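One structure below.
Values quoted throughout were computed directly from the atomic coordinates according to the rules given, and no laboratory measurement underlies them. Only a predicted model underlies this, so the values are computations on that prediction, with no experimental measurement involved. For neighbour counting, all protein chains shown are included, and Cβ atoms are generated from backbone atoms with ideal geometry for every residue, glycine included.
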Amino acid sequence: MAEIRVPELAESITEGTISTWFKQVGDSVEKGENIVELETDKVNVEVISEEAGVVTELKAAEGDTVEVGSVIAIVEAGGTQKATNDASQQETSAPEEPSDHKEVKSEEEAGAVDSSSERIVATPSARRYARENGIDLSDVNSKDPRGLIRSHDVKNSQSAPSQSAAEQKPEAPKQTASNPEKPVIREKMSRRRQTIAKKLLEVSNNTAMLTTFNEVDMTNVMELRKRKKDKFQEGHNGTRLGFMSFFTKAVVAALKKYPAVNAEIDGDDLILKQFYDIGVAVSTEEGLVVPVVRDCDKKNFAEIEGSIYDLAVKARDKKLSLDDMMGGSFTITNGGVFGSLMSTPIINGTQAAILGMHSIVTRPVAIDKERMENRPMMYIALSYDHRIIDGKEAVGFLKTIKELIESPEDLLLES
């Protein structure tokens, strides 16, 4: 017998949420095969079985919060498909015992067991969902060839409730004309969305955050990119030359010039970081994540572009590891890819500042007192912790970014 436990995740993560069971009671599993996916505050983690056999018990349902080290499933070595019926009989044989049996009473009160329950074969998550939603398992149709009822079968049954179930529901209160019923959808936030909300609120409450702005003329960097992009791509195994490498290199140069922007507060101490691990915000279906490009001061443009691309693919495929997310010293976020003209980004975690990039928009710019030209312009924003960084440093940092992007040859020399 093998116990499937929640593995050690990271120093700051003590629990996770059952996102998806890949195996159910009665399913066979190979050694090293994924059995469950856990959703943590930062990434999703797949847990494998250390032993081949048959799943005989699931101790947590999808959506449950489980602590590191806790047992969440049992795999019986050399088991057979008989485990499905055995596990189900263990759950449903209670009605044969005296009526004052505590477990029988609690299930009967929940309406999850009736006189025919001995013939019902269902997973623990399906039984739990049925109990919580007042669904009679005998009314649920299973698509499993063995008749095993899974949680999605119970959920699907809600779209066509039985007449008896409808009759048991109390009549909804009548709505007055002045307070008509409005359609709403209520859904539980994912663990990651809850964490994002909590962390952003913590930053807002615990920092003296201020934002300063500037604008960048993108003409020269766009012309340089246009001239060099094909040769760059050919010389670096198909890696494309984007704008992120220019801004990342400009950030590194500015951080060296203004070290307080690369710092954080620890109690009464100020930690000035001597490394340049730059977080790059990536939008995914489950929310914003910030994987980290390591040692950007030691990487060339192609290496930075390649790292950003690889991390973005991993983020969207839900393959980011905890190591990919930890330890950034500064963050860049690009709302311009979604059409944002200007924003005030929120600082990431304990960092001192974050750079916001925005849309490139062609608009008239005064070249001198006599001339106006249409130029591709971008607003940039620096949100910073005023406890660490003074306004003069913040403005100087952003001005350095502007000057380097507008003179990309200087940026190459800085690299």
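One table, with the values for the structure above:
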read-out	value
Extension gain from Asp368 to Ser28, taking 0.36 nm per residue of separation minus the Cα-Cα distance	114.9 nm
Chain lengthening between Val313 and Gln274 when straightened (0.36 nm per residue, less Cα-Cα)	11.2 nm
Difference of contour (0.36 nm per residue) and Cα-Cα distance, Lys226 to Ser321	30.7 nm
Cross-link table Lys31/Lys299; Lys314/Lys392; Lys299/Lys319; Lys299/Lys399; Lys226/Lys399; Lys155/Lys319, entries beyond 32 Å C-alpha to C-alpha	Lys31/Lys299; Lys314/Lys392
Charge dipole magnitude, Cβ of K and R +1, D and E -1 - the stretch 239-318, Cα centre, debye nearest 20	420 debye
Estimated distance in nm for a label pair at Asn205 and Arg240, the labels positioned 7 Å out from Cα along Cα-to-Cβ	4.1 nm
Nearest-0.05 FRET efficiency for Ala2 and Asn141, computed from C-beta distance (R0 30 Å)	0.35
